[in-house]
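To keep things clear, I will list the structure first and then write my remarks on it.
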Amino acid sequence: MGQSQVSQLLHSIHNTATIDGFTHDFYRYPGRFSPLFARSVIQAFTDPGDIVLDPFMGGGTSIVEAMALGRRAIGIDINELSVFVTRVKTTPLSRDEQDQVQAWLERQSESTILRQGTTSLSISVPDSLTNLGDRTTWRIQKVIASLLDSVNLSSQNQNDLARCIILRTAQWALDCRAAIPSVAVFRQRLAMYGKRMLEGLRDYSNRIQSVDHYYGFYPPFRTLLYHGSASGIPKEPALVKYSPKLIVTSPPYPGVHMLYHRWQIQGRRESSAPYWITNTNDTQGASYYTFCDRKQINLQGYYQKLFECFSSVRYICDRDTLVVQLVSFSDPEWQLPKYLSVLEEVGFRERKLLGTAGPEKARIWRNVPNRRWYAAQRPLTPSSKELVLFHSIRN
């Protein structure tokens with residue numbers, strides 16, 4: 001790496017700017033990392049047409065940036081909500097399709113008289129939808145159902161975008177809020193988020209069109225999104241055909257609690273509302289998405305899952321593949337050595353790409369910005385920082 005690339009990458013690692021631009025603000029997914037970081041890593045270590053893999057893609061930040069830079073992208077996540085959000089964020093729409101979504105959005109600004117207990121809508125509220133519909137939230141639940149009932153556009157991609165606009169607004173209204181907004185304020189926010197998201201998608205669609213024109217190539221695929229565990233890669237014919245040039249990812253953190261699948265309504269009352277809004281499935285507990293229960297003393301289950309997933313990832317890597325990770329630890333003193341030993345056992349070796357000291361001193365720690373997880377409220381705890389790790393295939 002040249003000195004300018006090193007400086008740019010270090011700047012992106014420590015950047016704490018709010019996540020925005022293109023389609024990045026479509027949903028506030030827990031554990032997001034900076035688009036600037038993903039962009040700098042992809043620019044530094046890949047060329048147009050190369051394959052970028054994120055086996056724990058979450059909100060799809062790395063996938064969006066890879067496509068915007070003319071790379072091919074493969075995203076994998078065990079959470080169906082993640083796949084839905086990433087698909088919407090990475091699907092360009094024509095100007096006519098965008099205008100139809102805009103027209104739908106404008107129709108939703110009309111006021112609606114809501115009465116508790118009415119069931120005139122075709123959209124049903126599932127029995128599994130807990131902690132939404134009580135005396136403080138029933139109006140928001142009804143207006144969400146009304147909006148979902150109105151989603152009947154010309155294509156599935158348009159319908160998914162409309163649902164994502166509702167999702168983003170409902171997340172603002174319900175997740176980790178002490179006071180639930182009125183229906184009128186909710187509709188105002190819907191219009192605001194809808195306008196902002198359509199503008200972001202327009203910029204992203206124009207960028208993809210420009211990339212095609214500039215590089216003059218049309219690869220066999222733009223992006224592959226796979227719903228399933230990263231441990232299942234060897235069994236998927238569509239995935240084993242390709243070797244990534246770069247893997248940039250942020251796997252579940254050992255011992256750090258994140259709610260990847262639920263919202264917290266007025267405190268710690270969990271709700272599966274995101275799955276209802278996006279028409280996706282959630283039948284699992286928190287440990288399903290974080291490798292194991294964080295209260296497990298030695299995290300044996302976590303490291304077993306880590307071994308399985310990275311063994312699977314190793315299966316499609318070649319000697320040119322570079323792995324860049326952002327990882328946090330609740331107790332790095334013992335969890336970090338164990339983490340590195342698992343990767344070593346799988347067949348990866350740590351690389352020193354930044355700095356001039358030995359590998360330990362060359363490791364880069366960064367403060368965690370804008371995260372919705374409990375360590376963020378205690379900035380002096382170990383888990384409020386992330387470590388940037390570089391690995392390649394061991395000879």
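Bear in mind that the values in this text are calculations on the coordinates, not laboratory data. Keep in mind that what you see is a predicted model, and the values were worked out from it rather than measured. Cβ: placed from backbone, ideal geometry, glycine included. Neighbour counts: every protein chain shown.
Some notes on this structure:
- GNM result for the chain, Cα springs below 10 Å: residue of Gly59, Gly285, Gly200 fluctuating most strongly: Gly285
- Helical segments meeting 20 Å axial Cα length and Kyte-Doolittle -0.5 threshold in the chain (DSSP H): 156-174, 332-346
- When the listed pairs Lys195/Lys385; Lys195/Lys235; Lys241/Lys305; Lys245/Lys295; Lys89/Lys142; Lys142/Lys295 are checked against a 32 Å cut-off, the alpha-carbon distance exceeds it for Lys195/Lys385; Lys195/Lys235; Lys245/Lys295; Lys142/Lys295.
- Cα pair distances of segment 95-205 binned at 10 Å [whole percent]: 13, 47, 31, 8, 0
- Within segment 225-279, the trypsin sites (Lys or Arg not before Pro) that combine a DSSP coil assignment with at most 13 other C-beta atoms in a 10 angstrom radius are Lys241, Arg268.
- Spatial separation of Cα centroids for segment 128-167 and segment 70-97, in angstrom: 20
- Just so you know, the Cα atoms of the chain work out to an Rg and Dmax of 21.3, 67 Å.
- A simple charge model with +1 on the Cβ of Lys and Arg, -1 on the Cβ of Asp and Glu and nothing else charged puts the dipole of the chain at about 720 debye relative to its Cα centre.
- Within the chain, helix-based [θ] at 222 nm, where runs of 4 or more DSSP H residues each add -39,500 (n - 2.57), nearest 500: -13000 deg cm²/dmol
- Among 161-168, 132-139, the peptide with the highest mean count of other Cβ atoms within 10 Å heads the list, and the full ranking is 161-168, 132-139.
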